[in-house]
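Student: Attaching a single structure in structure tokens format; questions to follow.
The values are calculated or read from the model by the stated rules, or taken from the named source; none is laboratory data. Because the structure is a prediction, the values reported are computed rather than measured. Here Cβ is always computed from backbone atoms with ideal geometry, including for glycine, and neighbour counts include all displayed protein chains. Accessible surface areas use protein heavy atoms only, side chains included; no ligands, DNA or RNA. Shrake-Rupley method; radii C 1.70, N 1.55, O 1.52, S 1.80 Å.
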Amino acid sequence: MFCSIIKGDIPSTKVYEDETVFAFKDINPVAPVHILIVPKNHLSSVNDVTEENSAVIAHIYEVAAKLAKEMGIAESGYRVVSNCGKDAGQTVFHLHFHLLGGKVLKLEMC
Ligand code: AMP
């Protein structure tokens, strides 16, 4: 489904895009800043990360740091998290990283 968002077939509020990464606002935010950062190449979850494709993960963290600064949460603090599989509550099986901030985050928050 996030492949359709990246292609523009499903609308989203894009906040960042480059050759390998797409970032957009979560449709159901649980914090004042709630952005999803997604690799353009389809990987289902962290389970699909290998030596061959892991460079994009480091890049996603670069993008997270840049967006956190832009959103004004770099100093107050934020969370970057990826849910993997059923027990973690993953609902969309296209690897994505939640960038969450703008309030004090409880430990159980995704
Ligand atoms: P997860 O539960 O970790 O798989 O997270 C999936 C996230 O995708 C949830 O926070 C949803 O609110 C979000 N989401 C699902 N569909 C869309 C969409 N069309 N646009 C933006 N965010 C979405």
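Student: Tell me, what is the per residue accessible area of the chain in Å², probe radius 1.4 Å?
Tutor: Here the residues of the chain average 59 Å² of exposed surface.
Student: Something else about it: If I take every Cα pair under 8 Å that is 6 or more residues apart in segment 2-109, average their sequence separation and divide by the length, what percent do I get for the relative contact order?
Tutor: About 30 percent, as a whole number.
Student: At what distance in nm do the modelled label points of Asp48 and Arg79 sit from each other, each positioned 7 Å from its Cα along Cα→Cβ?
Tutor: Simple spin-label model gives 2.4 nm for this pair.
Student: For helix 55-71, what angle does its Cα long axis make with the longest principal axis of the chain, in degrees from 0 to 90 and rounded to 10?
Tutor: Tilt relative to the chain: about 30 degrees.
Student: Then there is this: Work out the charge dipole of segment 2-109 with +1 on the Cβ of Lys and Arg and -1 on the Cβ of Asp and Glu about the Cα centre, then indicate which of Val92, Leu105, Ile35 is farthest towards its positive end.
Tutor: Leu105
Student: About the Cα centre of segment 1-76, how large is the charge dipole given +1 on each Lys and Arg Cβ and -1 on each Asp and Glu Cβ? Please answer in debye to the nearest 20.
Tutor: The calculated dipole for segment 1-76 is roughly 280 debye.
Student: Okay, moving on. Once the Cα gyration tensor of the chain is diagonalised, what are the square roots of 5 times its eigenvalues, in whole Å and ordered largest first, as equivalent ellipsoid semi-axes? Mind showing how you got there, number by number?
Tutor: Details: eigenvalues 82, 51, 43 Å².
Three semi-axes, in Å: 20, 16, 15.
Student: Given only helices, namely DSSP H runs of n ≥ 4 each adding -39500 (n - 2.57), what is the per-residue ellipticity at 222 nm of the chain, to the nearest 500 deg cm²/dmol? Please report the intermediate quantities before stating the final value.
Tutor: Values: 2 runs with 23 residues, N = 110.
Helices in the chain give a 222 nm mean residue ellipticity of -6500 deg cm²/dmol.
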